[in-house]
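Step one of this worksheet: look at the structure below.
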Amino acid sequence: MSSSASPYLVRVHDLIRRPGESRELELEFPAPARLGEALIAVEEGSTVEIEGRLDSIHEGVLVAARARATAVGECGRCLGPVEKTIDVDVTDLFAYPSEEEFDFHIHEEQIDLEELVRDAIVLALPFQPVCRFDCPGLDPETGARLEDHPELTPREALDPRWGALAGFQAESDEPSEGGPATR
């Protein structure tokens, strides 16, 4: 696997089997693939920044870094555009080949940060992104954005399954003039 195959590959030959050694990590590259699905994602070609530190320890190389990218998508309420900066911390050990079970390993004096960074960014994406905290959404009858049409006021939507109970009046717990309270 050559270092030009993936921008997430980092050579660590200077840290291998040298506990106590460390160096700074700074990467910036266009995302080689889309990160995320549904309403919001970091699009292919968007800038991904990774800054942090690589520390050599007895078991391998410890990565402690911050990954940043900008996600774009649609508001879950009004379908307007949304742009959100994703800023996540990633920390994990890239172990030397051994019989012990580790999530990540050092291969050919390189570590591949792709899975670690991709998972952290995707998990940090909002499930229901909104363009702003108080987004009024869409008018349920016309589908128009309520922000663009302040004259529209959303009516309270009543579930038709409860329609039979609309005229029902519960009896009061207060005793009536003629008898005891009913329960």
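The values are calculated or read from the model by the stated rules, or taken from the named source; none is laboratory data. What you are looking at is a predicted structure, and each value in this text was computed from that prediction instead of being measured. Note that each Cβ is placed from the backbone with ideal geometry, even for glycine, and that neighbours are counted across all protein chains shown.
Residues satisfying the criterion are present in the range 121-130 (criterion: within 27 Å of the chain's Cα centre (by Cα), surrounded by fewer than 15 Cβ atoms within 10 Å (Cβ to Cβ) and not in a loop (DSSP other than H, G, I, E, B)). Where strands (runs of 3 or more DSSP E) fall wholly inside the range 1-71, the ranges with 1 or more residues that are polar (S, T, N, Q) and surrounded by 15 or more Cβ atoms within 10 Å (Cβ to Cβ) are 22-30, 47-57. Considered as a group, the residues in the range 98-145 that are among the aromatic types (Phe, Trp, Tyr) and at pLDDT 90 or above include one that is farthest from Leu9 (Cα to Cα), and that residue is Phe133. Please indicate, with yes or no, whether at least one residue in the range 76-85 is assigned to a strand (DSSP E or B) and crowded, with 16+ Cβ neighbours inside 10 Å. Taking every residue of the range 76-85 in turn, at least one turns out to be assigned to a strand (DSSP E or B) and crowded, with 16+ Cβ neighbours inside 10 Å. Among residues of the range 96-107 that are under 14 Å from Ser56 (Cα atoms) and of a type in the set (A, V, I, L, M, F, W, C), those with a Cβ under 8 angstrom from a residue that is at pLDDT 75 or above and assigned to a strand (DSSP E or B), sequence gap 6+ or separate chain, pair up as Ile106/Gly60; Ile106/Val61; Ile106/Phe94; Ile106/Ala95. The lone criterion from (1) crowded, with 16+ Cβ neighbours inside 10 Å; (2) of a type in the set (Phe, Trp, Tyr); (3) closer than 18 Å to Arg77 by Cα left unmet by Phe94 is number (3). Contact map, the range 64-77: residues that are within 15 Å of Ala41 (Cα to Cα) paired with residues that are in a strand (DSSP E or B) and of a type in the set (S, T, N, Q), Cβ distance under 6 Å, separation 6+ or inter-chain. Pairs shown: Thr70/Thr85.
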